1. With every atom except the alpha carbons ignored, what do you get for Rg and Dmax of the protein assembly as shown, in angstroms?
2. Taking H as built 1.01 Å from N, whose amide H comes closer than 5 Å to the amide H of B:Leu318, not counting residues under 5 places away?
3. Among B:Ile44, B:Ile320, B:Ile124, which one shows the biggest mean-square fluctuation in a GNM of chain B, springs joining Cα atoms closer than 10 Å?
4. Would you calculate, for chain A, the mean residue ellipticity at 222 nm contributed by helices, counting each DSSP H stretch of 4 or more residues as -39,500 (n - 2.57) and dividing by all residues, to the nearest 500?
5. How charged is the neighbourhood of A:Ala114? Take every other residue with its Cβ under 10 Å from the Cβ of A:Ala114, and add Lys/Arg as +1 and Asp/Glu as -1.
6. Can you give me the distance in nm between label points at A:Lys43 and B:Asn145, each placed 7 Å from the Cα along the Cα-to-Cβ direction?
7. With 21 Å as the cut-off, how large is the P(r) tail for segment B:72-162, expressed as percent of Cα-Cα pairs?
8. At R0 = 30 Å, how high is the FRET efficiency between A:Asn131 and B:His215 if r is their beta carbon distance? Nearest 0.05 is fine.
Amino acid sequence: MQKIIIIEDTKIIREELKIFLSKYDYEIDAPDYFNNIVEYIYKSDADLILLDINLPVFDGYHICREIRKNLDTPIIVVTSRDSETDELMSMNLGADDFITKPYNTQILLARISAVLKRTSKNSLSDILSYNDMKLNLLNGSIVYKENTEQLTKNEIKILSYLIKKKGTIVSREELMEYLWNSDVFIDDNTLSVNVTRLRKTLEDIGVKDVIQTRRGLGYIMP
Amino acid sequence: MSIKEYLKERFLFIFVNSIVFLILALILAILEIRSIVIFSIFIIWFLPLAVYISIEFLKYAKYYNNMEEILQGLDKKYLLPEIMEKTDFLEGKLFYDILKTCNKEMHEHVNYYKNLQLEYREYIETWVHEIKTPISSSMLIIENNKSLITKNIGKEIKKIEGFVEQALYYSRSSDVSKDYIIKRFDLSVAINNTIKRNSKDFINKRINLQLDEIHAVVYSDIKWVEFILNQIITNSIKYIKSTGGSIKIYSTTNKNNVILTIQDSGIGISEKDINKVFEKGFTGEYGRKYNTSTGMGLYLCKKLCDKLGLEINIKSELGIGTKVNIIFPLSKFNLLN
């Protein structure tokens, strides 16, 4: 499990962000005391830092600069200031990404996973597994026992989202929102077509009934 | 200043002199004085007078014509007192001092309002950033507590976010300072970001999005362009009344420009309204009917486009749809401007 530290002084955002990111299988650490935040980060061994700019004691820029003296943990700066100077400052001080408030949560997630993927040493997150089935995100193939099949971009996105959320019902709206946020702008009908094709491909390699339809609710991979 | 105008001004003086001379000449003629004497008196009387008037005319004409020329050449006419020459004749001196004083007062007056506006603008910008925190936290709370109710609240908060953004860009657009950075960017990035922002509405209203492959690199400020696109796309979404509507986005690359077109199958704009859509506060019939329009969106788009040197035009047919073109000039010259 990857660990994220949230450095944010607004209590409600900190708490809600903690709940939200925990749902997506991240381990969250969110200090509420900002006096020696830099030492706190040194000790914490995090995989990623979400850093606000307007903070008590020292501002985010200072913290960013201090962290970079000893650590190369990825930092995503989150701020309500959206000027070019702020963005430039953050990047110059060694931040990996820059998101302005109010952010779309799906986009925040996408940025987090992109940064983590870029910086993590193991490429485990590139291969998603579900039972005996393995989805390789790098070459877009699905492997089950001895069978291998190629998937299209849309199918990969759909399958990977369903695998990530296995055991829970994913509504069509939720699935579509996820797709739209990852640059796949498809409509309702195309989604149905894609899911049908995906099911067929899975059947071809011997995986049956993994994507189930819950009428009126959505899809689920149990 | 022409001779005619000048002589007209001196008419009374010349007239009185001429009358007096005529009376004198008449008396002298009655006294049987030789006409050569009368003529000499005329010369002695009128020659210095004519010379004086001519010299005066040349002096004034030189000064005022010069000033008029400067004035014509000035882009900002109120700057005249800054560059006009000081002269040594009395009238000119007085005139100069009066203008200088007026100018100074005017500057103070303008500065007062400039400062007021700057302060207000700074306040708005801070306010916008402050309000983003509660908006962010509300959205997170909604995300963590999904239900039909929170979903509806979420929609309303999205609207608040839109209005807040409008306020920010309004304050940016009306200031004299340049608040944008022209950079090279891929138009498709701006389009994709805008679509993603509105993904929920597209999905909920089942709007069919026909997005062409857009490979156009333009020179502009991406944040402002995204704001403009967002206004246009949210308008399109808003005025598509039935489900199953469509929005088509495509670009045409010409030699000197890139035209980005956003076409929707919405209710359209009537012919009598189409020329007024860029006016501030204009909502049209439908805006009043549905009471959801502020008349600010397109007005701001136009204003920002003007500032960025982009052209925006709108074509529409009632009941069929609306087509908005944004024209990005294509040359590196824009970077220098």
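Every number in this text was worked out from the coordinates using simple rules, so none of it is lab data. Model, not experiment: these values are computed from the prediction. Note that each Cβ is placed from the backbone with ideal geometry, even for glycine, and that neighbours are counted across all protein chains shown.
1. Answer for the protein assembly as shown, Rg first and Dmax second: 36.8, 144 Å.
2. Here the answer is B:Ile269, since their amide H atoms fall under 5 Å of that of B:Leu318.
3. B:Ile44
4. Details: 8 runs with 95 residues, N = 222.
Computed mean residue ellipticity for chain A: -13000 deg cm²/dmol.
5. Working: positive: A:Arg111, A:Lys117, A:Arg118; negative: A:Asp96, A:Asp97.
It works out to a net charge of +1.
6. 3.4 nm
7. Details: 2535 of 4095 pairs.
For segment B:72-162, the share of Cα pairs beyond 21 Å comes to 62 percent.
8. Numbers: r = 41 Å, r/R0 = 1.38.
Result of the calculation: an efficiency of 0.15.
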